[in-house]
Amino acid sequence: MINRDGFSKSLWQNEAQAELAQRSMPGYTFDVVVIGAGITGVTTALLLQQSGKQCLLLEAHNAGFGTSSGTSAHLNTLLDTPYPDVISKFGKQKAMLAAQGAAEAIAIIKGHVDKYAIDCDFAYKTGYLFSQNERESQQLTEISKALEVVGISAEWSDGIPVPLPFDNAIKVERQAQFHPTKYLSALLRQYIADGGNYLDQTAVDHVDSDGAVQRVSAGKAIYQATDIVYATHIPPGLNLLHLRCAPYRSYVLALKLARDKYPDGLAYDLKEPYHYFRTAIHDGRPLLLVGGNDHKTGHEAKAEHVFSELEAYARKYYEVQAVAYRWSSQYYIPADGLPYIGHLPGGGNHQFVATGYSGNGMIFGTLAGRILCDLIVSGESPYTTLLSPSRIKPVAGFSRFIRENADVLKHFVSDRISQQSLTELSELAKGEGRVVKYQEKQVALYKDEYGKVYALHPVCPHAGCIVQWNSAEQSWDCPCHGARYAATGELLNGPASRGLRHIGLDD
Ligand SMILES: Cc1cc2nc3c(=O)[nH]c(=O)nc-3n(C[C@H](O)[C@H](O)[C@H](O)COP(=O)(O)OP(=O)(O)OC[C@H]3O[C@@H](n4cnc5c(N)ncnc54)[C@H](O)[C@@H]3O)c2cc1C
C-alpha cells in the first residue's frame, strides 16, 4: 500500500508499494539530483537518465506520497485556466503553445504506456464542458471560440454523459484518463532499469551551491550534483514563487452506484469551483469519481463537512450505493494561470523547479519532465519563455516580508505549559485538533485516539503564519503557503522544511 500525505485513503493507494529504493548509493556525486518522487520527479528523472545523465532521485517518504496519489487523473488539453484567460494574459501564440504542451504531455504518457506496456487503465475519452445558466452559456461560447483560436477542435453537443440538467455543452475528443500510481510505479521501475539511483525515506534538508556544484544535504549524507530539480510540488524555503502560487485543497469521492450508468467520458461544469466526473475501474468494477468543492488551504474551518456537501451534491443526480473512497489533496494555483517550470528564481543556472500546476499537474508534471530534461541537457526548450519562473517580477518588500515573519517566530508561545493547564484546555473529542488561546498566546492541541493530548506551537516554521486544523485529513494546514503537518506535528508537505515544535509539559 502507498502512503500519502493525508489521513483519508485515496482510490490510488491500494497499489503495492514499488520496492525499488536502494539502501545505499554507489557514490555521492551525480549529474543531477531530483528531489521528490511524484509524477514530476519520476518523469524528469527517467527522461534525464535516458538522455545520458546519471541521476539520483530522493524522496522524503515513498513515491506518490504527495498529490500524485491524491489526484483524480484526468488528462486534459482543456485546462483549468480557461483559454480566453490564457489568450488575454499571454497572447494568441503563447496560448497555442500552452495547448500544444498539454497535447504533448498526453502523447508522452501514451508513449510510455505503449513502449513499456504499462497496465494503468489508460484510455482516450471525450471531454464535455457544460453550462447551467445564461452567464455560463456565454462563458462556454467564449471558451469554444478560444479553443478554435488555440487549435483545439471542439464541437457543440446535444448530450452529456452525466444525468445533470444543462443548457449547452461542448465536447472535445482525445482527452484521456489513467491510474496514476500504476503509471508512476512503472515509470520508476523503468528509471531504475535504465541505471537511475533512487532513495526513499530521504528528506532533503537543504541545498548549498557555489554555482557550479550543488551540495544536497539529506540527514547525514551530502550528495553533489551539477544540477538539481525541485520536483516537490512547491519548492521549499522562502522563494518568490510562494507569493505567486496559492495552495488549495480539493475533494474527491469514489462512488459505487446502485443501478445508474457510469459515464463513458469526462464531464465538467462551469461553477466556481467546478465539479467534475469520470469513471475509474477498481478491482475490475467501475466507480464514479466526483470531485470539486475546492477551497484555499487552511481557510475552511470544517473541512469534514465539505465531503458531506459533495456527497449530497452527487446524491442529487445519482443513486449512490456506497462511498467506496473519499479523500482530499492539495494543488497550487499560479498567479497568472500557467505553471512555473524552469530555473528556480534566485537559484542560479543549475537549480530548477516546476510548480503552480492548478488541477492539471498530471499534464504539466509530465511536460515539466520534458522541459527540464531539455533545459539541463541542451539549455533550450520551446516552452522556456512561456513557462519560465523568471517571468515573475521581483516583489518590492520581499526581504522585509521574510524578516517580519521570522520575527513572529521569536515572540510567540512559551516552550512549556503545565499538565493541569493542558487538561483544562483540552476539551477535545478523540481525533480532534484545535488552536486554543492560553495566557493570550495560541497553542495547537490534538487528542489522539487513545486520549493522549499533544501541545504544539501553531506557528508554521515556513513564514510564521498560524496553522489551522484540517478535520478531513487530520492535519495542521498553513493558510499562507500551504505547508502541512501531521496531527502530532511531523512535516507532511512543504514549503516548510521541518515540523511544528512540541510544547513541553510541566507536572
Ligand atoms: C484532488 C485533486 C485532483 C486532481 N486532479 C487532477 C487531474 O484530474 N488531472 C491533472 O492533470 N491534475 C490533477 N491534479 C493535480 C495533480 O495531481 C498534481 O499537480 C500533481 O500530482 C503534482 O505532482 P508532483 O510530482 O509535482 O507533486 P507531488 O505528487 O506532490 O510530489 C512531490 C513529492 O516530493 C516529495 N518531497 C517534498 N519535499 C521533499 C524533500 N524536502 N525531500 C525529498 N522529497 C520531498 C513529497 O514527499 C512528494 O512525494 C489534481 C490535484 C488534486 C489536489
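The values are calculated or read from the model by the stated rules, or taken from the named source; none is laboratory data. Just so it is clear, the model here is predicted, and its values are computed rather than measured. No Cβ is skipped: glycine too gets one built from the backbone with ideal geometry, and neighbour counts run over all protein chains shown. Please note that ligands, DNA and RNA were not included when accessible areas were found on the heavy atoms of the full protein model with its side chains. Shrake-Rupley method; radii C 1.70, N 1.55, O 1.52, S 1.80 Å.
Hey, could you check region 113-157 for residues that are of a type in the set (Phe, Trp, Tyr) and within 26 Å of the chain's Cα centre (by Cα) and say which is most open to solvent (accessible area, probe 1.4 Å)?
Kept after step one, since they are of a type in the set (Phe, Trp, Tyr), are these residues of region 113-157: 116, 122, 124, 128, 130, 156.
Checking the rest, the ones that are also within 26 Å of the chain's Cα centre (by Cα) come to 116, 122, 124, 128, 130.
Working: 116: 49, 122: 37, 124: 78, 128: 35, 130: 0 Å².
Here the residue is 124.
Residue 216 versus (1) open to solvent by less than 10 Å² (accessible area, probe 1.4 Å); (2) within 30 Å of residue 351 (Cβ to Cβ); (3) out of contact with any Leu (no Cβ under 9 Å at 6 or more places or on another chain): which is the lone unmet condition?
With respect to (1) open to solvent by less than 10 Å² (accessible area, probe 1.4 Å); (2) within 30 Å of residue 351 (Cβ to Cβ); (3) out of contact with any Leu (no Cβ under 9 Å at 6 or more places or on another chain), residue 216 is out only on (3).
Could you give every pair whose Cβ atoms fall below 9 Å, whose first residue belongs to region 45-62 and is in contact (Cβ under 8 Å) with a residue 60 or more places away in the chain and of a type in the set (Lys, Arg), and whose second residue is assigned to a helix (DSSP H, G or I) and more than 16 Å from the ligand (Cβ to nearest atom), counting only separations of at least 6 or pairs across chains?
From residues that are in contact (Cβ under 8 Å) with a residue 60 or more places away in the chain and of a type in the set (Lys, Arg), the pairs are 53/376; 53/377.
For region 274-288, which positions are under 18 Å from the mean Cα position of the chain (by Cα) and closer than 26 Å to residue 15 by Cβ?
Here is the first cut: in region 274-288, the residues under 18 Å from the mean Cα position of the chain (by Cα) are 274-276.
Passing the criteria: only 276.
Being over 27 Å from residue 497 (Cα atoms) and either open to solvent by 50 Å² or more (accessible area, probe 1.4 Å) or assigned by TED's automatic domain parsing to the domain that holds residue 498 (or both) is the filter here; which residues of region 190-208 pass it?
Of everything in region 190-208, those that are over 27 Å from residue 497 (Cα atoms) and either open to solvent by 50 Å² or more (accessible area, probe 1.4 Å) or assigned by TED's automatic domain parsing to the domain that holds residue 498 (or both) turn out to be 193, 194.
Among the residues of region 487-494, is any away from the ligand (no atom under 13 Å from the Cβ), within 23 Å of residue 326 (Cα to Cα) and open to solvent by less than 20 Å² (accessible area, probe 1.4 Å)? Steps first, please.
Taking region 487-494 and keeping what is away from the ligand (no atom under 13 Å from the Cβ), we get 487-489.
Then keep just the ones that are within 23 Å of residue 326 (Cα to Cα); that gives 487-488.
Cutting the leftovers down to open to solvent by less than 20 Å² (accessible area, probe 1.4 Å) gives us 487.
Yes, the conditions are met somewhere in region 487-494.
Quick check on region 237-249: of everything there that is assigned to a strand (DSSP E or B) and open to solvent by 20 Å² or more (accessible area, probe 1.4 Å), which residue is modelled with the lowest pLDDT?
Start the filter on region 237-249 by keeping residues that are assigned to a strand (DSSP E or B), which leaves 245-249.
Next cut, open to solvent by 20 Å² or more (accessible area, probe 1.4 Å) only: 246, 248.
On the way: 246: 91, 248: 95.
Result: 246.
Scanning region 264-317 for residues that are of a type in the set (A, V, I, L, M) and either open to solvent by 70 Å² or more (accessible area, probe 1.4 Å) or not assigned by TED's automatic domain parsing to the domain that holds residue 164 (or both), which turns out nearest to the ligand (Cβ to nearest atom)? So that I can check it myself, show each step before the final result.
Of all residues in region 264-317, those of a type in the set (A, V, I, L, M) come to 266-267, 270, 280-281, 287-290, 301, 303, 306, 310, 312, 314.
From what is left, the residues that are either open to solvent by 70 Å² or more (accessible area, probe 1.4 Å) or not assigned by TED's automatic domain parsing to the domain that holds residue 164 (or both) are 281, 301.
On the way: 281: 16, 301: 20 Å.
My answer is 281.
Taking residue 320 as the residue in question, decide whether it is crowded, with 19+ Cβ neighbours inside 10 Å and not polar (S, T, N, Q).
On the way: crowded, with 19+ Cβ neighbours inside 10 Å: no; not polar (S, T, N, Q): yes.
So residue 320 fails the test.
Just checking: which of the strands (runs of 3 or more DSSP E) contained wholly in region 167-236 hold 3 or more residues that are touching a strand residue (DSSP E or B) at 6+ places or on another chain (Cβ under 9 Å) and within 12 Å of the ligand (Cβ to nearest atom)?
Numbers: elements: 168-177, 197-199, 206-209, 214-218, 221-230.
Ranges flagged: 168-177, 214-218, 221-230.
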